[in-house]
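The values are calculated or read from the model by the stated rules, or taken from the named source; none is laboratory data. It should be emphasised that the depicted structure is a prediction, and the values quoted were computed from it without experimental measurement. Quick reminder, even Gly has a Cβ in these numbers, built from the backbone with ideal geometry, and neighbours come from all protein chains shown. Accessible surface areas use protein heavy atoms only, side chains included; no ligands, DNA or RNA. Shrake-Rupley method; radii C 1.70, N 1.55, O 1.52, S 1.80 Å.
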Amino acid sequence: MNDSWGHARGDYVLQNVAHALTQQVRAGDLVARFGGEEFVLLLRSDLAGAEQIAQRIRTQLSEDRSLLPNGERMTISFGIAPIEDLSQLSAALSHADGLLYQAKQAGRDRVHVARRVREKAARGL
C-alpha cells in the first residue's frame, strides 16, 4: 500500500480500517494491528458468528471507494481460527495466518474459516 500510494495514504487507510474494525466488534473483543497491513481480532464468538462479523467488515470496507485513490476498490481478506484459551494463542494466530494466506491465494476479498472445526460442528461433534 505504501509503495503504491505513499505513507500518508497508507496511514490514512490503516486508520480507517482500524476504526471500522473497532466499530464492528463488541465490548470485550480485541482489535490489534498485527504488522504491516494485518490486523488481529480476538472475538468472543463461535466460528459462525466470527464469520458473519468478518463478512460484514469485508463488505463495508470493500464498498468504501473513498479510502483508495481514484475510487479504487480495496480488498479485505480474513483467516478465522478458533482459540479455546490464551495458552493456544500462538497456534491460533499461526492457523489464522495460514487461512488468511489461502484466502489471498484464492483471489483475495474473501473469508476463510478453519475447516476441521466447522466440519466437526456440522456433524454435531
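Relative contact order for the chain: 19 percent, from Cα pairs under 8 Å spaced at least 6 residues apart, divided by residue count. For Thr22, Thr59, the ranking by accessible surface with the largest value first comes to Thr22, Thr59, using a 1.4 Å probe. The order of the peptides 97-103, 26-32, 61-67 by mean Cβ neighbours within 10 Å, most packed first, is 97-103, 61-67, 26-32.
Its residue count N sets the reference 2.2 N^0.38 Å, and the alpha-carbon radius of gyration of segment 50-105 equals 1.37 times that reference.
Could you compute the net charge surrounding Ile53? Neighbours are other residues with a C-beta less than 14 Å from the C-beta of Ile53; K and R count +1, D and E count -1. Don't jump to the answer; show the numbers that get you there.
Working: positive: Arg26, Arg44, Arg56, Arg58; negative: Asp29, Asp46, Glu51.
Local charge sum for Ile53: +1.
The long axis of helix 89-105 is offset from the longest Cα principal axis of the chain by roughly 60 degrees. Summing Lys and Arg as +1 and Asp and Glu as -1 over all other residues whose Cβ lies under 13 Å from the Cβ of His19 gives a net charge of -1. Using a probe radius of 1.4 angstrom, the carbon and sulfur fraction of the accessible surface of segment 21-100 is 49%. Ranked from largest, the principal axis spans of the Cα set of segment 1-66 equal 38, 23, 17 Å.
In the chain, taking the dipole from charged Cβ atoms about the Cα centre, the farthest positive-side position among Leu30, Val111, Ser90 is held by Val111.
Ignoring everything except DSSP H segments at least 4 long, calculate the 222 nm mean residue ellipticity for the chain; use -39,500 (n - 2.57) per segment, divide by total residues, nearest 500.
Taken over the chain, the calculation gives -16500 deg cm²/dmol.
The 3J(HN,Hα) values that the Karplus relation (6.51, -1.76, 1.60; θ = phi - 60°) gives for segment 78-85 are, in residue order, 10, x, 10, 9, x, 9, 8, 8 Hz. Gly and Pro appear as x. With all protein chains kept in place, the per residue accessible area of segment 3-49 amounts to 64 square angstrom at a probe of 1.4 angstrom.
Annotation: extensible slack from Gln105 through Thr22 equals 27.2 nm (criterion: 0.36 nm per residue apart, minus Cα-Cα distance). Across segment 70-118, the mean sequence separation of Cα contacts (distance under 8 Å, 6 or more residues apart), normalised by length, yields a relative contact order of 46 percent. Computed from the C-alpha gyration tensor, the three semi-axes of the ellipsoid equivalent to the chain are 27, 15, 14 Å, from longest to shortest. In the chain, taking the dipole from charged Cβ atoms about the Cα centre, the farthest positive-side position among Leu99, Asn70, Ala48 is held by Ala48.
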